[in-house]
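Everything below concerns the one structure shown next.
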Amino acid sequence: MSILYRGLRGRLSSPLGQNIKGGLSPLNPLKWISPICYIIIIFLLITSISELTWCKDTTPTPSFTSKYPVVLMETSLGNIFLKLYPNKAPKTCANFLLYVHDNYYDNTLFHRVIDGFLIQGGGFKRGFIQTHTYKPIINESKNGLPNLRGWVGMALTTNENSAASQFYINVVNNPDLDYNRRRGYGFTVFAKIIDGMDIVDRIKKLKTRRITVYSTLYKREIPLYNVPSKEVVIYSARQIR
């Protein structure tokens, strides 16, 4: 589910942080979170909505046409250019390009925006319509690429090998998302923004809200948090190199 936790930067967003009017109140988790809970919160930092979707049976692998492929995302706020690193994360890059070549990201949303953390997309079409995803891929977070501002990674559920279509862009340095030997995995970084961080910075400043969407897994409405009040659409994503 996408009940999203923020503990590493001194604030935690969860149902426990809601006020009477339904807003989210900042809490200091260090006052009450045990080390074990702290680790669990790290696991949930980037939660995709894969349990709301269903998978296609096959996962074709696109061939790389460039040593460092570049993808252009045309959004409702401007263009964002991503440089991929298949030499560091070959399966993750192939998976991302598969969705690009399948036109999967066309008319999808940046559905999660947290200033001081990240922005996330690739989970919903406009109107929060869910679509098929390919099967999840193996985690490649032990590749040396950092979760620093401007770098792009894959979202996960609580399963380390659950990355599918959803990706995130770090708007600040988030080293706690990197591979951790004690945890045994991290969130796989596979690309870097080479142009368009000004667009990302505009997105991160948008006001957000809480909405509900229908879960095909739970067969009921469930809440989504940190959803931009102003719709941010990815009109298209195309490999240009």
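The values are calculated or read from the model by the stated rules, or taken from the named source; none is laboratory data. Keep in mind the model is a prediction, meaning the values are calculated, not measured. So basically every Cβ, Gly included, is an ideal-geometry build from the backbone, and we count neighbours across all protein chains shown.
Filtering T212, T158 for residues that are touching a Ser or Thr at 6+ places or on another chain (Cβ under 8 Å) and either of a type outside the set (G, A, S) or at pLDDT below 95 (or both) leaves a single hit, T158. Inside the range 67-109, residues that are of a type in the set (D, E, K, R) and part of a strand (DSSP E or B) make up a count of 2. Kindly establish whether R202 is modelled with pLDDT of 95 or more, in contact with a strand residue (DSSP E or B) (Cβ under 9 Å, 6 or more places away or on another chain) and outside any strand (DSSP E or B). Judged against the criteria, R202 is a match. Comparison of L148, L224, L177, L217 shows that the only residue that is modelled with pLDDT under 95 and touching a helix residue (DSSP H, G or I) at 6+ places or on another chain (Cβ under 9 Å) is L217.
Step by step: first the residues of the range 208-241, then only those that are of a type in the set (F, W, Y) and surrounded by 12 or more Cβ atoms within 10 Å (Cβ to Cβ), then the one that is nearest to T108 (Cα to Cα). Which residue is that? Once the filter is applied, the top-ranked residue is Y235.
Pairing each residue of the range 75-89 that is within 16 Å of E231 (Cα to Cα) with any residue that is of a type outside the set (V, I, T) and buried (at least 16 other Cβ atoms within 10 Å of the Cβ), provided the two are 6+ apart or on different chains, yields C-beta distances under 7 Å for G78/G196; N79/L72; N79/M73; N79/G196. The residue list I129, I211, I203, I193 contains one member that is out of contact with any Lys or Arg (no Cβ under 7 Å at 6 or more places or on another chain) and without any contact (Cβ under 8 Å) to a residue 60 or more places away in the chain, which is I129.
Filter the range 110-152 for residues that are aromatic (F, W, Y) and part of a strand (DSSP E or B); which is farthest from V189 (Cα to Cα)? That would be F124. Do we have any residue at all in the range 175-186 that's crowded, with 20+ Cβ neighbours inside 10 Å, of a type in the set (S, T, N, Q) and either at negative phi or not in a strand (DSSP E or B) (or both)? No, every residue in the range 175-186 fails to be crowded, with 20+ Cβ neighbours inside 10 Å, of a type in the set (S, T, N, Q) and either at negative phi or not in a strand (DSSP E or B) (or both). Of the numbered criteria (1) at pLDDT 95 or above; (2) within 27 Å of N180 (Cβ to Cβ); (3) in contact with a helix residue (DSSP H, G or I) (Cβ under 8 Å, 6 or more places away or on another chain), the one P69 fails is (2).
Would you confirm, using the coordinates I've provided, whether D201 is acidic (D, E) and surrounded by 16 or more Cβ atoms within 10 Å (Cβ to Cβ)? No: the conditions fail for D201. In the range 147-174, the residue that is surrounded by the most Cβ atoms within 10 Å (Cβ to Cβ) out of those that are of a type in the set (F, W, Y) and under 10 Å from the mean Cα position of the chain (by Cα) is Y168.
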